[in-house]
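The values are calculated or read from the model by the stated rules, or taken from the named source; none is laboratory data. Everything numeric in this text was worked out from a predicted model, so none of it was measured. Here the Cβ positions follow ideal geometry from the backbone for every residue, glycine too, while neighbour counts run over all protein chains shown. Heads up: the accessible areas ignore ligands, DNA and RNA and are worked out on the full protein's heavy atoms, side chains in. Shrake-Rupley method; radii C 1.70, N 1.55, O 1.52, S 1.80 Å.
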Amino acid sequence: MHDVKIIDPDAAPSAELAGGLGVDFVPALLELALTHRSYAVENGGIPDNQRLEFLGDSILGQAVTVMLYSTYPDYTEGQLSRLRASLVSTVALAEIARGIDLGAYLHLGRGEHLTGGNNKDSVLADTMEAVIGAAYLSAGVEVATELILRLVEPKLAVVWRLGAEQDPKTALQELADTRGAEPPRYEVEGSGLEHDRSFTATVTVLKKKRVLAQAQGVGTSKKQAEVAGALAAWHQLSEGGDGAPAVS
């Protein structure tokens, strides 16, 4: 099961990363987990980390599901599902990856490296899942689960923010509901030439004609501007407060 050739014979396995994670990785498996498809293509089509990513995604989902089920016995299925989606999202996994400096260990193709691939959310998140897959194959399910819990549990404190960043408009709507406020209002204005339009969305949350939150977002499309504005308004509303003066 562990008969995998080391990706780069001139490079030592990432022992520093393995030590920091506290997992006795099979060196070749860890190197494989760190090998992006762009590097594999540029080096004669050697194996990349996509299969390990597939495996790690499954192990991650199971571990987080059990953790949430045990931690929040009073939550509904819908609430647990939203929490899980936030904790295993690209945003959350990329934050975890940056926390362990995973980007410093990646094997990237030249083009991916030049465009900042070692700091892209998608690349970091996928590699994090591959590392989890490598941990499972190297040391078993208990060690892989323990690694996941160590990495993910601290994110429980900011899980609602992660959910907001993943889907700002839905998160703002739900937060407004919990505050007894009206549905968020979106007003979008466009400017610029037809081929170079820019949009500004003003997002307002009202409760009994009082402004609980009001923020703006800018984007190259109406949707992008609304999403940016919703996230900014969510941050305002999540900070609480008694609201701004009444509006007519």
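Brief remarks on what is shown
- Å³ per residue enclosed by the Cα convex hull of the chain: 148
- Residues VAL141 and GLU189, FRET efficiency given R0 of 41 Å [Cβ-Cβ distance, rounded to 0.05]: 0.15
- Against the criterion of solvent-accessible heavy-atom surface with a 1.4 angstrom probe, TYR39, TYR75 sort, most first, into TYR75, TYR39.
- Surface analysis of segment 168-240 yields an accessible area of 59 Å² per residue, using protein heavy atoms and a 1.4 Å probe.
- Extension gain, THR76 back to LYS209 (0.36 nm per residue minus Cα-Cα distance, nm): 44.7 nm
- J(HN,Hα) series, segment 213-218, from Karplus relation 6.51 cos²θ - 1.76 cosθ + 1.60, nearest Hz, glycine and proline x: 7, 8, 8, 10, x, 10
- Within the listed set GLU146, GLU42, GLU194, the Gaussian network model of the chain (springs between alpha-carbon atoms below 10 Å) gives the highest mean-square fluctuation for GLU194.
- Surface share of carbon and sulfur [accessible, 1.4 angstrom probe, percent] for the chain: 51
- Accessible area per residue, Å², segment 12-164 with all protein chains present, probe 1.4 Å: 47
- Axis angle, to the nearest 10 degrees, between helix 141-152 and the longest C-alpha principal axis of the chain: 40 degrees.
- Extent along the principal axes, Cα only, for segment 86-160: 37, 33, 16 Å, with the longest axis given first.
- Accessible-area rank, largest first, for LYS155, LYS120: LYS120, LYS155, with all protein chains present and a 1.4 angstrom probe.
- The heavy atoms of ARG98 offer some 100 square angstrom of accessible surface to a 1.4 angstrom probe.
- Leading residue at positive end of dipole, segment 168-240 (Cβ point charges), from GLN214, THR200, ALA230: GLN214
- Projected area, mean over directions - segment 168-240, Cα convex hull, nm²: 4.3
- Dipole in debye (nearest 20) - the chain, about Cα centre, beta carbon charges: Lys, Arg +1; Asp, Glu -1: 1020
- Highest-MSF residue in the chain out of LEU29, LEU21, LEU52 [GNM, Cα springs under 10 Å]: LEU21
- Accessible-area ranking of VAL26, VAL203, largest first, probe 1.4 Å: VAL26, VAL203
- Share of Cα-Cα pairs in segment 15-91 lying beyond 17 Å, as whole percent: 61
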